[in-house]
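Remarks on the structure that follows.
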Amino acid sequence: MLKENLVLLKSAFDELKAEKEDVVNRVNAGELKGGQRLAIVATWLSQVEIIEENTKQLMDVASARDASSQNASAVRRRLSTSGCWFSTCNLGEKVFKKLTEVKSLSGKDFQEVTEQPPPPVVEVRLCQQTVGLDTTLEKTWESLRKDENRMLGIFGMGGVGKTTLLTLINNKFVEVSDDYDVVIWVESSKDADVGKIQDAIGERLHICDNNWSTYSRGKKASEISRVLRDMKPRFVLLLDDLWEDVSLTAIGIPVLGKKYKVVFTTRSKDVCSVMRANEDIEVQCLSENDAWDLFDMKVHCDGLNEISDIAKKIVAKCCGLPLALEVIRKTMASKSTVIQWRRALDTLESYRSEMKGTEKGIFQVLKLSYDYLKTKNAKCFLYCALFPKAYYIKQDELVEYWIGEGFIDEKDGRERAKDRGYEIIDNLVGAGLLLESNKKVYMHDMIRDMALWIVSEFRDGERYVVKTDAGLSQLPDVTDWTTVTKMSLFNNEIKNIPDDPEFPDQTNLVTLFLQNNRLVDIVGKFFLVMSTLVVLDLSWNFQITELPKGISALVSLRLLNLSGTSIKHLPEGLGVLSKLIHLNLESTSNLRSVGLISELQKLQVLRFYGSAAALDCCLLKILEQLKGLQLLTVTVNNDSVLEEFLGSTRLAGMTQGIYLEGLKVSFAAIGTLSSLHKLEMVNCDITESGTEWEGKRRDQYSPSTSSSEITPSNPWFKDLSAVVINSCIHLKDLTWLMYAANLESLSVESSPKMTELINKEKAQGVGVDPFQELQVLRLHYLKELGSIYGSQVSFPKLKLNKVDIENCPNLHQRPL
């Protein structure tokens with residue numbers, strides 16, 4: 001039955017090859033997301049590869065019997081040379097046996113082909129240069145290596161170097177990584193709860209799936225415990241900055257066995273006792289010599305020898321606290337005369353001596369840097385304390401708040417005002433009062449505590465109430481509302497603001513942060529007593545569907561943020577807010593109209609990117625009539641409206657964000673939006689022509705633009721930082737993003753014809769490497785995507801920090 005079996009073998013062999021191709025694609029997709037192929041799958045693929053070669057040779061032999069004599073002789077010579085020729089008598093038996101082997105490998109229904117690898121044992125953390133920690137590190141590490149010490153507490157005042165020490169410990173576990181399965185780092189805080197700690201641990205263990213957020217704390221604890229118990233238990237938990245004791249059992253930490261280690265840092269030795277640490281170690285301030293080494297090592301001041309005596313006295317006032325030394329060093333770095341140094345010393349010596357060595361005493365030292373700030377800069381610095389601990393504030397958003405508050409005068413134009421805002425940020429970073437990271441700023445915990453200490457009492461007409469991440473379900477108790485000027489209730493559980501009889505008839509509140517709560521109802525009387533409000537942020541309260549008419553009482557309001565709410569229409573009283581200059585309505589998916597803005601003649605900033613209230617001809621005319629408008633983000637879902645909008649040189653020139661839905665779009669036309677920062681296109685047909693890649697002048701295809709040459713030094717999209725592409729079914733590539741030299745975030749989803757992100761042929765001559773500033777890359781459901789940028793792609797290793805790829809089966813090119 002040679003002929004019949006040969007037909008069956010060819011058919012079975014083709015099916016096996018198809019199965020192999022499908023499995024390989026699934027394996028590649030899984031490995032692209034960081035998975036590793038299952039052992040059973042790897043074995044099967046190896047067996048298939050071996051049988052593939054043998055089967056091809058056997059089928060060549062069998063086919064030669066039916067070939068012409070000339071071809072048969074050639075085939076026989078080739079096969080016999082390679083030792084693969086069989087006698088006629090056993091050829092049929094060989095084909096039959098091979099058919100059996102092929103069938104035995106076919107029909108493997110692999111439900112899973114890859115699995116997530118275990119997390120790396122240690123995630124090495126960056127650490128700054130240290131002085132004076134060597135002895136403490138050695139003592140701590142020696143204690144940790146003792147089997148009987150399962151829980152270790154590290155305590156010391158804020159800014160003394162506890163986090164730095166814990167970072168060094170984390171990195172030392174690399175030396176003994178074979179002894180443990182995972183080292184987990186969790187950043188806690190004064191207001192951190194069990195749930196947030198569980199979320200951090202879940203992320204580290206890779207068990208946070210789509211259902212994780214719906215789990216109760218008990219369910220999360222069970223999942224964490226299950227994974228850690230599998231490690232029998234060989235894990236290390238590092239908890240940074242505990243303010244009070246936490247229940248390890250409630251978190252899900254299995255406190256059994258002798259191999260696990262829990263290390264925590266805290267400002268209070270009492271926490272070490274309550275947590276029942278086997279040993280507690282104090283991180284002490286630097287010695288006099290070490291403190292001077294740290295200060296002298298970094299100060300670059302002309303004539304330092306002449307003022308060394310004064311400098312040493314100033315260093316002594318820092319009590320050996322590394323943070324204080326760093327801040328004072330930066331404060332004095334620009335001071336080059338003896339008089340300036342003596343004045344600083346006199347200021348420090350004027351502080352109350354009984355506070356020396358206490359937290360408030362350190363605040364007094366740190367406050368020297370604050371005291372040197374100009375009045376405007378000081379206000380801007382204290383404002384940063386309204387944000388949660390360790391919160392990364394986008395610089396442009398922070399400057400917008402400052403302009404809204406009136407800290408920065410915008411009479412010379414918003415761009416000049418923003419430049420002054422960025423200059424203030426640079427000054428605060430230079431003074432060591434703010435830290436900078438990727439166009440964002442944040443405050444060291446101790447600096448933030450110092451700022452809150454400054455504003456905790458009514459002084460200079462200001463008093464802050466800051467209750468961020470505090471788990472509040474209602475407004476905080478305030479003894480005297482009339483003394484509070486700024487209140488931040490960021491990240492809480494507040495559901496409603498009732499008609500509270502304890503409210504005074506009038507407050508002096510200027511700033512109110514209520515973002516990211518669970519607000520549903522706000523009574524009108526609340527606004528009636530808040531007529532002094534200048535900044536009101538209600539963003540990301542998803543359940544707010546309307547605002548009361550009483551909003552008309554906010555006659556002083558300059559900045560109103562309603563982004564991420566579910567409001568259906570603008571409140572009728574909005575039109576009387578004659579001082580409003582900034583209105584944010586982005587991501588308001590239920591909002592149908594923004595026509596009321598026609599009455600806001602002083603409006604400078606309007607944002608409705610991602611809003612259901614799309615631009616129409618009527619709204620376009622209203623925007624044209626708002627003569628003070630200088631910054632715009634819009635949503636457009638009509639082709640003719642888009643064309644008319646792009647034809648408006650003034651509006652197009654001020655547009656920083658545009659959300660396009662269901663349109664036919666030329667990327668060259670969008671490229672004319674010279675100020676564009678963020679772009680989202682949903683269900684759009686994106687077109688291009690050959691002239692766009694020939695270095696032609698823009699005016700050849702876009703009448704609304706100038707005739708300047710397209711060059712790397714004068715590109716489109718020069719300010720574009722975020723792009724989202726969703727369900728653009730005809731899109732094949734995104735080569736036009738070559739011009740987006742400052743692109744930081746790219747998300748592409750459900751575009752089935754996309755074969756590559758950048759087409760190398762089109763990109764020739766552009767003269768720039770793409771994605772050099774990219775930090776986030778997200779690719780979902782791109783079934784034809786085969787490459788990112790030709791055969792190789794070079795992403796900036798120190799910038800790209802998040803890659804999320806799902807259902808891209810043909811993308812075998814790893815982005816890192």
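The values are calculated or read from the model by the stated rules, or taken from the named source; none is laboratory data. Nothing here was measured: the structure is a model prediction, and the numbers come from that model. Reconstructed Cβ throughout: ideal geometry from the backbone, glycine too, with neighbour counts over all protein chains shown. All accessible areas refer to the heavy atoms of the entire protein, side chains included, with ligands and DNA or RNA removed. Shrake-Rupley method; radii C 1.70, N 1.55, O 1.52, S 1.80 Å.
Selection within the range 611-631: residues that are hydrophobic (A, V, I, L, M, F, W, C) and closer than 19 Å to S563 by Cβ. The member of this set that is surrounded by the fewest Cβ atoms within 10 Å (Cβ to Cβ) is A612.
What do you reckon, is L452 open to solvent by 20 Å² or more (accessible area, probe 1.4 Å) and either in contact with a His (Cβ under 9 Å, 6 or more places away or on another chain) or free of Cβ contacts under 8 Å to residues at least 40 places away in the same chain (or both)? First the steps, then the outcome.
Numbers: open to solvent by 20 Å² or more (accessible area, probe 1.4 Å): yes; either in contact with a His (Cβ under 9 Å, 6 or more places away or on another chain) or free of Cβ contacts under 8 Å to residues at least 40 places away in the same chain (or both): no.
In short, no.
Do we have any residue at all in the range 476-489 that's open to solvent by 30 Å² or more (accessible area, probe 1.4 Å) and not in a loop (DSSP other than H, G, I, E, B)? Yes: the range 476-489 contains one or more residues that are open to solvent by 30 Å² or more (accessible area, probe 1.4 Å) and not in a loop (DSSP other than H, G, I, E, B).
Against the test of being in contact with a Ser or Thr (Cβ under 7 Å, 6 or more places away or on another chain) and either open to solvent by 20 Å² or more (accessible area, probe 1.4 Å) or not charged (D, E, K, R) (or both), the options G132, G156 yield a single qualifying residue, G132. Of all residue pairs spaced 6 or more apart or on separate chains, those with beta-carbon atoms under 7 Å, a first member in the range 624-649 that is over 20 Å from L603 (Cβ atoms) and a second member that is in a helix (DSSP H, G or I) and among the aliphatic types (A, V, I, L, M) are V641/L620; E644/L620; L646/A652; L646/A669. Within the range 583-610, how many residues are within 20 Å of Q656 (Cβ to Cβ), open to solvent by 10 Å² or more (accessible area, probe 1.4 Å) and not aromatic (F, W, Y)? Residues meeting the conditions: 7.
Kindly indicate which of R558, R518 is at pLDDT 85 or above, surrounded by fewer than 17 Cβ atoms within 10 Å (Cβ to Cβ) and within 30 Å of the chain's Cα centre (by Cα). Break it down into steps so the answer makes sense when it comes.
Numbers: R558 fails: surrounded by fewer than 17 Cβ atoms within 10 Å (Cβ to Cβ).
When all the criteria are applied, what remains is R518.
On the given criteria, is V441 closer than 30 Å to K799 by Cβ, in a strand (DSSP E or B) and of a type in the set (A, V, I, L, M)? So V441 fits the description; yes.
For the range 491-510, a residue qualifies if it is in contact with a strand residue (DSSP E or B) (Cβ under 8 Å, 6 or more places away or on another chain) and more than 15 Å from P476 (Cβ to Cβ), and exactly one does: V510.
For G653, state whether it is modelled with pLDDT of 85 or more, assigned to a helix (DSSP H, G or I) and open to solvent by less than 50 Å² (accessible area, probe 1.4 Å). Spelling it out, G653 is indeed modelled with pLDDT of 85 or more, assigned to a helix (DSSP H, G or I) and open to solvent by less than 50 Å² (accessible area, probe 1.4 Å). Filtering the range 401-419 to residues that are crowded, with 18+ Cβ neighbours inside 10 Å and either out of contact with any His (no Cβ under 6 Å at 6 or more places or on another chain) or farther than 25 Å from E744 by Cβ (or both) leaves Y401, W402, I403, E405, F407, I408, E410, R414, A417, K418.
Of A250, A221, all but one fail to be in contact with a helix residue (DSSP H, G or I) (Cβ under 7 Å, 6 or more places away or on another chain), small (G, A, S), in a helix (DSSP H, G or I) and open to solvent by 40 Å² or more (accessible area, probe 1.4 Å); the exception is A250.
Apart from one condition, T167 fits all of (1) at pLDDT below 90; (2) farther than 18 Å from A324 by Cβ; (3) not aliphatic (A, V, I, L, M); the exception is (1).
Determine whether the range 527-537 contains at least one residue that is open to solvent by 30 Å² or more (accessible area, probe 1.4 Å) and closer than 28 Å to L606 by Cβ. Reasoning before the result, please.
Initial filter on the range 527-537 (open to solvent by 30 Å² or more (accessible area, probe 1.4 Å)): 528, 532.
From the residues that got through so far, the ones that are closer than 28 Å to L606 by Cβ too are 528, 532.
There is at least one residue in the range 527-537 that is open to solvent by 30 Å² or more (accessible area, probe 1.4 Å) and closer than 28 Å to L606 by Cβ.
Check the range 233-247 and report whether any residue there is open to solvent by less than 30 Å² (accessible area, probe 1.4 Å) and farther than 21 Å from T265 by Cβ. Among the residues of the range 233-247, at least one is open to solvent by less than 30 Å² (accessible area, probe 1.4 Å) and farther than 21 Å from T265 by Cβ, which makes the answer yes. The lone criterion from (1) open to solvent by 80 Å² or more (accessible area, probe 1.4 Å); (2) within 37 Å of the chain's Cα centre (by Cα); (3) in contact (Cβ under 8 Å) with a residue 60 or more places away in the chain; (4) under 23 Å from K98 (Cβ atoms) left unmet by M1 is number (2). Scanning the range 288-311 for residues that are modelled with pLDDT of 80 or more and open to solvent by 60 Å² or more (accessible area, probe 1.4 Å) returns E288, N289, D293, D309.
D193 fulfils the conditions (1) closer than 21 Å to K219 by Cβ; (2) touching a Lys or Arg at 6+ places or on another chain (Cβ under 7 Å); (3) surrounded by fewer than 20 Cβ atoms within 10 Å (Cβ to Cβ); (4) in contact (Cβ under 8 Å) with a residue 40 or more places away in the chain except for a single criterion, (2).
For the subset of the range 11-35 comprising residues that are open to solvent by 70 Å² or more (accessible area, probe 1.4 Å) and at pLDDT 80 or above, which member is farthest from F96 (Cα to Cα)? First the steps, then the outcome.
Keep residues of the range 11-35 that are open to solvent by 70 Å² or more (accessible area, probe 1.4 Å), which gives 15, 17, 21-22, 26, 33.
Narrowing further to those that are at pLDDT 80 or above: 15, 17, 21-22, 26.
Values: E15: 17, K17: 19, E21: 24, D22: 26, R26: 31 Å.
In this case the residue turns out to be R26.
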